[in-house]
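Colleague: Sending over a structure as structure tokens; questions will come in a sec.
Where a number appears in this text, it was derived from the coordinates with a stated rule and is not lab data. Here the structure is a predicted model, which is why all the values come from computation and not from measurement. All Cβ positions, glycine included, derive from the backbone under ideal geometry; neighbour counts span all protein chains shown.
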Amino acid sequence: MRGQSGGSGRGFGLPGGFGLPGGSGGSGGSAIPVGGGIGTILLIVVVLVVMYFLSGGLGTGTQSGTTNGTQVGDETLNQECQTGEDANARLDCRIVGYVNSIQAYWAEELPQQGQTYTEAMTTLYDGGINTGCGQASSDVGPFYCPVDQNVYLDLGFFDSVLAQLGAENAPLTQAYVVAHEYGHHIQNLTGVLERSQSGETGPQGDQVRVELQADCYAGVWVANAVDTGYIEPISQSQIATALEAARAVGDDRIQSQTQGQVNPETWTHGSSAQREHWFTTGYRGGDPAACDTFSGAV
């Protein structure tokens, strides 16, 4: 197993966020988290599912050390998030369930690939937070910081950014955001994440390949989510609707909407077609081995 990839990371690629040139750097300008952005958000609009909690409370991935946020696994949060009704009513409770489902899957799957799975933390915050990769504001969006192996989620992001994109802030939209960031955690554990620091942008660049693999890993989790005991069966019509939403959040669509022109050489997350393809690849294959975005063209 290879450990943390230095002080760098990847994420959703919000313009001006940590994951893009011109974004805020980490400690001393060297630690950059994985994330921050619009790029991958709507790709995670997969399906409307009914998520329920196992008895006894949830909250894996707990560790101290962050500030100004609430970690999944916090005793108070566990006590308040016990049932499916709690999840339906509260975003933070839904995230508790998603985190447990995602980590349950990877904790079983990764050892089968000869890797050791180490739980990541998930910290919920609103407005701003101190992280191992530096100070993050609400402009960053969801991101993964490899320095402290923590997924950071600004709860206000789901309403504000998704609304701006014209997307429905549906439960599995939120779930797929989390799954994508945990995909970066898997890349960190396997040593792949460091390839995002090559600085190579563009449709075939390393930065895009890293993001597309995280999209693929999110699709793999969706394919296996029911087996974790947290998600009810997902219909093909729901997947089809999700893929339509996914096409709306590629780098090409975002650039066209925000800049009035498309510049493929600056892409960091992939086009609509690429993102749809790799999420579908992960979902249909249901196996991380299908997510080799570093061989051949993507």
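Colleague: Using the Cβ atoms and a cut-off under 13 Å, what net charge is assigned to the surroundings of THR266, where Lys and Arg are +1 and Asp and Glu are -1?
Modeller: Details: positive: none; negative: GLU200, ASP251, ASP252, GLU265.
It works out to a net charge of -4.
Colleague: Please report TYR283, TYR144 as a ranked list, fewest other C-beta atoms within 10 angstrom at the top and most at the bottom.
Modeller: By the 10 Å Cβ count, ascending: TYR283, TYR144.
Colleague: With a Förster radius of 22 Å, plug the Cβ-Cβ distance of ASN263 and GLN135 into 1/(1 + (r/R0)^6) and report the FRET value to the nearest 0.05.
Modeller: In this case the efficiency is close to 0.15.
Colleague: How long is the stretch 73-122 along each principal axis, judged by its Cα atoms, biggest number first, in Å?
Modeller: 39, 18, 13
Colleague: Please compute the net charge surrounding GLN149, taking Lys and Arg as +1 and Asp and Glu as -1 over other residues with Cβ under 12 Å from its Cβ.
Modeller: -3
Colleague: Would you order ASP92, ASP206 from fewest to most other beta-carbon atoms within 10 Å of each residue's own beta-carbon? All intermediate terms of the calculation are to be shown ahead of the outcome.
Modeller: Numbers: ASP92 17, ASP206 20.
By the 10 Å Cβ count, ascending: ASP92, ASP206.
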